[in-house]
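> Quick one: structure below, then a few questions.
Derivation of every value follows stated rules applied to the coordinates shown; laboratory data play no part. What you see is a predicted model, and the numbers here were worked out from it, not measured in a lab. Methodologically, a virtual Cβ is constructed for each residue, glycine included, from the backbone with ideal geometry; neighbour enumeration extends over all protein chains shown.
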Amino acid sequence: MGKIERMRKLNKNYARLPFSIKGGKWGLSKKFVKGEGNLNADIMLIGQAPGANEDIYGRPFVGISGRLLDSLLASIGISRSEIYITSTIQFFPPKNRAPTNKEIELCREYLMSQIEIISPKLIILVGSIALKSITDMSPIMEYHGTLMQSDGIFYYPTLHPAAAIRIKRNMPIIQRDFESLGVLKDNIL
Ligand code: URA
């Protein structure tokens, strides 16, 4: 089965997740915000969870965080269409709360399957939730801007754009992370 078919099947199963939880215990939006982009990408980017705008439009990173993300990527010559973008969980947590460990666990298999299908060389981990759920490392303030390698994949954690929008002193930090990424990627891809 090719990548398009594998991803289509995965998304179909993943979208059903909220309806398969017994006892009405699902605490997230039921709208599935699927990952998007180039299935043959060398670079995959994993965020936290859809926000309110993503929940409306059904696409990842289309709100204010997405605009900052697009400009950070553009600053190092990466266009959104050439990479694959997804989130740790793909359902909006109401009021933008952080996803619980249980919610992250429920979605983990789908996230790992996306990584397997895309088979990227480099994964940009955007924010503490993505870092923790993929590498079990924390805090993000310690590991951001550090290139790591495991099982043949490079991982590059950075802050979540929302953290740079919310807290002004984070803006130069995320900008520097992306500048370094611009140099690093040319050496590893
Ligand atoms: N933040 C994320 O982590 N993912 C999105 O899709 C949007 C905002």
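> Based on the mean of other beta carbon atoms within 10 Å per residue, what is the order of 103-116, 26-39, most packed first?
Ranking, from highest mean packing down: 26-39, 103-116.
> Given +1 on the Cβ of Lys and Arg, -1 on the Cβ of Asp and Glu, and no further charges, what dipole in debye does the chain carry about its Cα centre, rounded to the nearest 20?
So the dipole magnitude of the chain works out to roughly 840 debye.
> Take each uninterrupted DSSP H stretch in the chain, measure its Cα extent along the helix axis, and return the ones at 24 Å or beyond whose mean Kyte-Doolittle hydropathy is at least -1.0.
The answer, listed by residue number, is 101-118, 171-188.
> Report, in listed order, any pair from Lys22/Lys121; Lys12/Lys95; Lys25/Lys168; Lys9/Lys168; Lys25/Lys132; Lys31/Lys168 with a Cα-Cα distance greater than 29 Å.
Where the Cα-Cα span goes over 29 Å, the pairs concerned are Lys22/Lys121; Lys25/Lys168; Lys9/Lys168; Lys31/Lys168.
> Could you work out how far the C-alpha centroid of region 173-188 sits from that of region 65-122, in angstrom?
18 Å
> So, one more: Once the dipole of the chain is set up with Lys and Arg at +1 and Asp and Glu at -1 on Cβ about the Cα centre, which of Leu10, Ile153, Val183 lies farthest towards its positive end?
Comparing the listed Cα positions along the dipole, Leu10 ranks first.
> Just how far, in whole angstrom, is region 1-45 from region 126-149 if you go by their alpha carbon centroids?
One Cα centre to the other: 23 Å.
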